[in-house]
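Have a look at the structure below, then the notes.
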Amino acid sequence: MKRSDLNFGVIVLLTLSTLYLAITGILMDWLGLHRVAFHNYVGYAWVGLALLHLGLSWGQMRVHWRHRFRLRHSHEPAHSPSLPSSSRRQWLSSTAALIGGFLMGLFWPVKQAAPFIQSQEDIDLTYHQWSKIGLAQAGGALFHWGQQPRRYKTYAEAVSVPLPEPREQTQLSFEAVLNQRRSRREYTDAPISLEQLSFLLQAAQGITETLGEKRSVPSAGALYPLEVYAVVNAVENLPSGIYHYAVQPHQLEQLKAGDFRRSIVSAAVWQDFLGTASVCFVITALFQRTRWKYRERTYRYVMMEAGHLGQNLYLAATALGLGVCAVGAFFDDALNDLLGLEGETEAAVYIISIGQLERA
Ligand SMILES: Cc1cc2nc3c(=O)[nH]c(=O)nc-3n(C[C@H](O)[C@H](O)[C@H](O)COP(=O)(O)O)c2cc1C
């Protein structure tokens, strides 16, 4: 086979593989896919073909450049014998293709690829691996992802219920609190006081430092993605209903009035002890509050923070001599519906029940 025939074949293959790579690349960007069949292999083949083409055309190119930059020896002809000169139209169309491709890359709507999950793969493990701190995360200090939402959520239309100042009301030593902390599910009918509720809310999310408005729980970047709702069943001087805790004024906002014991029990996979609790705190997360800064680390951080909040409630309730139990088993949609949340921007992540214990 003649060298020029081989080179012609290589050029045809290069053109075909370039088309394939362009089409599959655009599809991947557009549809947020991780892989399109053979994209990688064709990519490697393209590099091989390009190198081969370079090797086959090397002599021709050398002669051309020597003429172009007048490096030719005196005995060589004045015009390049190898390559025909290009027309103005060819120059213009090459420049247009270059600029067009660049602009397309700049403005083409790119979907962020979802993590690729094999059918037999464990999604927890996949997320854990995917969310390891990498270059993108390190760049988080420079680039932000989306809008930073408001730091405080309030229900402007809701009836506000002031809470008593959270004051010191426990006698147990810290060691005793740690030792006595248990998950307790047997509650009496006796209500808890409004002071106790105020103390518990302060422990869950209350502001403890005016400077920087830092709270009782640690939070990644002090971004505070969590909100606290209370399904109230038996609290002195507080009608039963569903309330939102407005952190900054330290007050409750009444979202719904009435008896929601059955709803919380059925939302929590029919765990009936929740129906006997004085109050069930439902912890929700507004993910974007953390995501705009920490992106893939968000889910890790939010869950860690829910754990901090839960433990604060455990310790605060134990110190008050109240029973407390964490509940992670619930029907997400039913619980979000109960709070009137759509479940994506903000979603329920944890329930903590609190009730009076039988006096020994
Ligand atoms: C994330 C999490 C989810 C839990 N979910 C439930 C639950 O759905 N129902 C329940 O009765 N207890 C639940 N618990 C309480 C555990 O059963 C309890 O912590 C465990 O039995 C250890 O007992 P202790 O808390 O008394 O030390 C949960 C605890 C955690 C930390």
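The values are calculated or read from the model by the stated rules, or taken from the named source; none is laboratory data. Here the structure is a predicted model, which means the values were calculated and not measured. No Cβ is skipped: glycine too gets one built from the backbone with ideal geometry, and neighbour counts run over all protein chains shown. The protein model used for the area step is the full one, side chains on, heavy atoms only, and it has no ligands, DNA or RNA in it. Shrake-Rupley method; radii C 1.70, N 1.55, O 1.52, S 1.80 Å.
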Need the full-extension length gain, residue 97 to residue 186, defined as separation in residues times 0.36 nm minus the C-alpha distance. One decimal, nm. 24.7 nm
Taking Cα atoms, how many degrees apart are the long axis of helix 3-31 and the longest axis of the chain, rounded to 10 and kept between 0 and 90? 20
Antiparallel DSSP beta bridges within the chain, as percent of all bridges there, nearest 5: 95
Beta carbons within 10 angstrom, averaged per residue: use that to sort the peptides 323-330, 205-212, highest first. 323-330, 205-212
Sequence-distant lysines (8 or more away, or on other chains) whose Cα lies within less than 30 Å of residue 256: 153, 214
Roughly how many Å is it from the Cα centre of the range 304-349 to that of the range 267-296, as a whole number? 4
Whole percent per 10 Å bin, from 0 to the bin with the longest distance: what is P(r) over all C-alpha pairs of the chain? 5, 17, 22, 15, 11, 8, 8, 7, 5, 2, 0, 0
Among 51, 61, 28, the residue whose Cα sits farthest towards the positive end of the charge dipole of the chain (+1 at Cβ of Lys and Arg, -1 at Cβ of Asp and Glu, taken about the Cα centre) is 61
Residue 62 versus residue 44: modelled label distance in nm, points set 7 Å from Cα along the beta carbon direction: 3.1
With Cα coordinates, the longest principal axis of the chain makes an angle with the long axis of helix 88-107, in degrees rounded to 10, of 10
Surface/4 of the Cα convex hull for the range 191-328, nm²: 8.4
Computed helical MRE - 222 nm, the chain, DSSP H runs ≥ 4 contributing -39500 (n - 2.57), nearest 500: -14000 deg cm²/dmol
Percent antiparallel among DSSP beta bridges (both partners in the range 146-356, rounded to 5): 95
Pull out the extension gain between residue 175 and residue 15, defined as 0.36 nm times the separation in residues minus the alpha carbon to alpha carbon distance; nm, one decimal. 50.1 nm
Measure nothing fancy, just the Cα-based angle from helix 194-205's long axis to the longest principal axis of the chain, in degrees from 0 to 90, nearest 10. 20
Rounded to whole Å², per residue accessible area for the chain with a 1.4 Å probe reads 61
When every protein chain stays in place and a 1.4 Å probe is rolled, 273, 174 sorted by accessible area with the largest first are 174, 273
